[in-house]
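Engineer: Let me begin by handing over the structure; questions about it come next.
The values are calculated or read from the model by the stated rules, or taken from the named source; none is laboratory data. This one's a predicted model, so the numbers in the text were calculated from it and none came from an experiment. Reconstructed Cβ throughout: ideal geometry from the backbone, glycine too, with neighbour counts over all protein chains shown.
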Amino acid sequence: MTHVIFQTQNRSIESEFNFSLTAQMVIKGLPIEGKVKLWGDEFFIDTVIQASDVHAGMDVNVGDIAYRHEDKRICVFFGKTPLSTTDKPVPEFPVVVIGKVLGLPSEIKGINEGEAIKVFVQAVQPEIKSEASNDRKLTQSEIDLLVKKLLAEKSAKAAAINGEGNKL
């Protein structure tokens, strides 16, 4: 999966794009910038990205990210659309599902028509494996405690060196 961010001034929407041909073609066209357009609880961004429409259909779910070939548009579904007869979104035209929003799609509500948005691939930091790969990761409070301890040791050593230097 490829991590993609939808960034506005007030929010950052994390997502994962799948391995489909369409998703990979869209990823190659990133980053892009545009203006948010709304259609019910769907927002979309017009692009210049030309991608495949193989497997286009009308079946989407809340949280899905899709590509509309004819309009070169990336769509994010976070609730009912004007064509919905249930709580499930229904796209206006056939789309290809290319990914999924991470987190709660309801957090997207409140995005505004006309907001500037940037869509880009999130750089993933390579994970450094220790010899014991089952080691757990430290919490931030544990890291803070270690840093304080190291700084205290450094100060103590510096004081000892300065104290010894004054005796000479």
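Engineer: Looking only at residues that are free of Cβ contacts under 8 Å to residues at least 60 places away in the same chain and touching a helix residue (DSSP H, G or I) at 6+ places or on another chain (Cβ under 8 Å) in region 70-110, which one is farthest from Val26 (Cα to Cα)?
Structural biologist: This residue is Gly79.
Engineer: Still on this structure, please answer the following. Farther than 23 Å from Ala116 by Cβ and aromatic (Phe, Trp, Tyr): which single residue out of Phe43, Phe77, Phe19 fits that description?
Structural biologist: Phe19
Engineer: Any chance you could count how many residues in region 62-87 are among the small types (Gly, Ala, Ser) and over 17 Å from the mean Cα position of the chain (by Cα)?
Structural biologist: Of the residues in that region, 2 qualify.
For (1) part of a strand (DSSP E or B); (2) modelled with pLDDT under 95, each residue gets a yes or a no:
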residue	(1), (2)
Ser52	no, yes
Thr81	no, no
Glu92	no, no
Ile98	yes, no
Ser106	no, yes
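A quick yes/no check of all residues on (1) charged (D, E, K, R); (2) buried (at least 16 other Cβ atoms within 10 Å of the Cβ):
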{"site": "Ile13", "(1), (2)": "no, yes"}
{"site": "Asn61", "(1), (2)": "no, no"}
{"site": "Arg73", "(1), (2)": "yes, yes"}
{"site": "Leu83", "(1), (2)": "no, no"}
{"site": "Ile98", "(1), (2)": "no, yes"}
{"site": "Gly103", "(1), (2)": "no, no"}
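Engineer: On the basis of being in contact with a Phe, Trp or Tyr (Cβ under 9 Å, 6 or more places away or on another chain), under 21 Å from Ile5 (Cβ atoms) and surrounded by 15 or more Cβ atoms within 10 Å (Cβ to Cβ), does Thr22 make the cut?
Structural biologist: Here the answer is yes, as Thr22 does meet what is asked.
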